[in-house]
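The values are calculated or read from the model by the stated rules, or taken from the named source; none is laboratory data. Quantities reported herein were computed from a predicted structural model and do not represent experimental measurements. Virtual Cβ from ideal backbone geometry, glycine too; neighbours counted across all protein chains shown. We work out accessible area using only protein heavy atoms, side chains counted, and drop any ligands, DNA or RNA first. Shrake-Rupley method; radii C 1.70, N 1.55, O 1.52, S 1.80 Å.
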Amino acid sequence: MRSFLNRILIFTSISLFFLNGFVLSQPKQFYVGTNGYDSNSGMLIEEPLRTINCAIGKAEAGDSVIILPGIYKEIINLNSKSGKPENPIYIKGFSINENEYPVIEGGAETPAMDLTNSWILLNNSNWIVVEKIKFINGWTYPINIKNSSYITFRSCRFFGGRRVISAGGIQTHHILVEKCFWDQGGDLLWHLVADKVGVDAWTSMHHGSMMYFNGSIIDFSGTGGSIVIRGNKIINAFNAVRWRGVKGLDANIEIYDNDISQVRDNDFEPEIYTYNLHVYHNLSHNVHRTMSVDNVEGGEVYYYGNVVTTDNDSWARTVCTGFWKIYGGQRKRSFPMYAFNNSFYGLAKAMRSEDELILFKHFNNAYFFTGDTAWYLYQWNDTNEFDYDISNRTWAKVFIDHNQENYGKISDIKFADPVKQNLILAKGSPGIDAGKIMSFPEFDWKQSFEGKAPDIGAYENNKLVEGPPFRFMIPPDGSIEYKEKPRIVRNYIDGNKVIIYFSGQIDPSSVKITDVALYKRDEKLKVESVSFPNNKYEMIVGVQTIPVKGDLSLSFHSMPLGINGEQATYWASTIKIHKSVSQ
């Protein structure tokens, strides 16, 4: 025990100055351990508190609740508990390695629809970070968020749960789920043929006796939106990411850099309504039907740079049936769905749409079908556009009948190693320099590329293609009641310039050269210029030394202001925040 405490003491002595804010702020850390007592102060690691909720009651903005390894059979309650912008309250598991994460035990021995085995209840709270905790045996909706904002789940491990995170309430907005792992039902869920009475497994999970699997890592409905789901690993689930939008709400969604495999229904499934949805740079392997948009109102969906593959074994042939599930008539989607520069490989059929497809803009996509049947689309609407795509199977008849794919190709795309899910274009691929130059003037964005034209498929010069940087948008019939705090949604290095994109427009007069600090590791770079040459979403910082992406971090001495008067935030930043600043 003493050696374990010594390791923790070394860790905390190093991290005391950097973990939770500026050095001068001296945030407090409250320790929780299975050998503790709630009569302790919790301020010393050798004298921890016994319960997490006791520690939460003591914590204020910038403070941390440090949960020591062990199993805790306790529902974490956060009711009217808030940190502050850039100084959240942390609820953080202490772990020396992955196997020593503290565990929250929900107590559900077997899943069922009527279980109320919760992990976290979060109500009327803001600026909370939950990280490095393992959650097990929680059903059916183990994490509930109501009327809370700027909530982060980072590097957590979830096992079980129908809807792991359920969010509701118009005051709920800005939820970040990143670098988490979710295994809903183990390999048994993926390989299950039928339930106990012999009903087909998909039917039973979708609307039968095993419907407790029909969920998602996060499900939100009637919220203020602004949801970011990135860098997660999801395996053995019925759905990966699914939500039920309410018209005018649940907008501004980003889903990117996720690794998803062995999903019995859909990897991404907006239902009822969506607006300003960006889905990109995700890897999906062995999914029943990818990207389901079934009678969904609203629109402007941007789906690009995604890689979808299936195995060639008999089980994948049985389970994986469709690249895309796009349904809905004229009365539904008001704005387009853009699908460009994606790559698909495997047994599934493309489109899988029996209903009329509308407002679908489909360019620069690469398909290699390992089965004989490919395109499964029969009806047509003149609002659709298909061109500059490659398929190794003949186009659907409706494409030919309606003058589509004039620049498309029927050819082997020549992926580098598709069996190992490597869909980079091999040398000599007909997809190289054969695509359409995509542009979105409303984002002031035009596709960049090397060579004569963009490549077809998800990669350009062996890197996943970029699309338009995300911008916060209020839905046309919206009921969103808050103003967006501009946040950093993308960053590039271009020579000795760092280009930073914000979700909202910045007031240039609020940013001075002396306000911006960039670091190459711990070396502070000399900032020579700060400008907004194209629009107020894009800030270009000129530095004397050429930085390196992996080593680059940022801080502001004085936070920029949006043109709406809101102070910018580090929340969900795509660029690393320098360690002297609360994250």
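In table form, for the structure just shown:
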{"quantity": "Residue tally, condition of a type in the set (D, E, K, R) and closer than 16 Å to C180 by Cα, over segment 78-99", "calculated": "2"}
{"quantity": "Top-ranked residue in segment 93-112 [being outside any strand (DSSP E or B) and either within 17 Å of V32 (Cβ to Cβ) or of a type in the set (D, E) (or both); ranked as modelled with the lowest pLDDT]", "calculated": "E98"}
{"quantity": "Flag for L121 being aliphatic (A, V, I, L, M), in a loop (DSSP other than H, G, I, E, B), modelled with pLDDT of 95 or more and more than 26 Å from E484 (Cβ to Cβ)", "calculated": "no"}
{"quantity": "Leading residue by the ranking (nearest to P418 (Cα to Cα)) among those in segment 440-467 that are open to solvent by 30 Å² or more (accessible area, probe 1.4 Å) and charged (D, E, K, R)", "calculated": "K463"}
{"quantity": "Strands (runs of 3 or more DSSP E) lying entirely in segment 306-395 (those with 3 or more residues that are among the aliphatic types (A, V, I, L, M), under 19 Å from K409 (Cβ atoms) and in contact with a Pro (Cβ under 7 Å, 6 or more places away or on another chain))", "calculated": "none"}
{"quantity": "Test: residue in segment 414-432 that is assigned to a loop (DSSP other than H, G, I, E, B), within 15 Å of F344 (Cα to Cα) and of a type in the set (K, R)", "calculated": "yes"}
{"quantity": "Pair list, Cβ < 6 Å and 6+ apart or interchain, from segment 472-494 residues that are under 18 Å from P560 (Cβ atoms) to residues that are open to solvent by less than 60 Å² (accessible area, probe 1.4 Å) and of a type in the set (D, E)", "calculated": "F472/E484; K483/E566; K485/E566"}
{"quantity": "Tally of residues being open to solvent by 20 Å² or more (accessible area, probe 1.4 Å) and touching a Phe, Trp or Tyr at 6+ places or on another chain (Cβ under 6 Å) across segment 134-165", "calculated": "4"}
{"quantity": "Search result, residues across segment 175-193 that are open to solvent by less than 40 Å² (accessible area, probe 1.4 Å), touching a residue at least 60 places away in the same chain (Cβ under 8 Å) and in a helix (DSSP H, G or I)", "calculated": "L189, W190"}
{"quantity": "Residue under evaluation V530, criteria (1) at pLDDT 95 or above; (2) in a loop (DSSP other than H, G, I, E, B); (3) more than 28 Å from Y302 (Cβ to Cβ), criterion not met", "calculated": "(2)"}
{"quantity": "Long-range neighbours under 6 Å by Cβ, at least six apart or interchain, first residue assigned to a strand (DSSP E or B) within segment 144-164, second open to solvent by less than 10 Å² (accessible area, probe 1.4 Å) and hydroxyl-bearing (S, T, Y)", "calculated": "I145/T172; R163/S216"}
{"quantity": "Positions within segment 275-328 being of a type in the set (S, T, N, Q) and either touching a Ser or Thr at 6+ places or on another chain (Cβ under 7 Å) or surrounded by 24 or more Cβ atoms within 10 Å (Cβ to Cβ) (or both), in sequence order", "calculated": "N282, S284, N286, T290, N306, T309, T310, N312"}
{"quantity": "Neighbours by Cβ (under 8 Å, 6+ apart or cross-chain): first from segment 506-529, among the acidic types (D, E); second open to solvent by less than 20 Å² (accessible area, probe 1.4 Å)", "calculated": "D507/P560; D507/G562; D515/F556; D515/P560; E528/G542; E528/V543"}
{"quantity": "Close pairs from segment 284-308: first under 13 Å from I255 (Cα atoms) and free of Cβ contacts under 8 Å to residues at least 60 places away in the same chain, partner in a strand (DSSP E or B) and β-branched (V, I, T), Cβ under 6 Å, at least 6 apart", "calculated": "S284/I260; S284/T290; S284/V308; Y303/V279"}
{"quantity": "Complete set of residues in segment 496-537 that are small (G, A, S) and open to solvent by 40 Å² or more (accessible area, probe 1.4 Å)", "calculated": "S509, S529, S531"}
{"quantity": "Residue list for segment 545-564, restricted to those being at pLDDT below 90 and in a loop (DSSP other than H, G, I, E, B)", "calculated": "T545, I546, P547, V548"}
{"quantity": "Some residue of segment 261-273 being at pLDDT 95 or above, in a loop (DSSP other than H, G, I, E, B) and either surrounded by fewer than 19 Cβ atoms within 10 Å (Cβ to Cβ) or polar (S, T, N, Q) (or both)", "calculated": "no"}
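Listed here are the residues, each with its yes/no results for (1) open to solvent by less than 50 Å² (accessible area, probe 1.4 Å); (2) in contact (Cβ under 8 Å) with a residue 12 or more places away in the chain; (3) within 27 Å of G215 (Cα to Cα); (4) in contact with a helix residue (DSSP H, G or I) (Cβ under 7 Å, 6 or more places away or on another chain).
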residue: S80; (1), (2), (3), (4): no, yes, no, no
residue: E86; (1), (2), (3), (4): yes, yes, no, no
residue: I89; (1), (2), (3), (4): yes, yes, no, no
residue: I96; (1), (2), (3), (4): no, yes, no, yes
residue: V103; (1), (2), (3), (4): yes, yes, yes, no
residue: M113; (1), (2), (3), (4): no, yes, yes, yes
residue: S125; (1), (2), (3), (4): yes, yes, yes, no
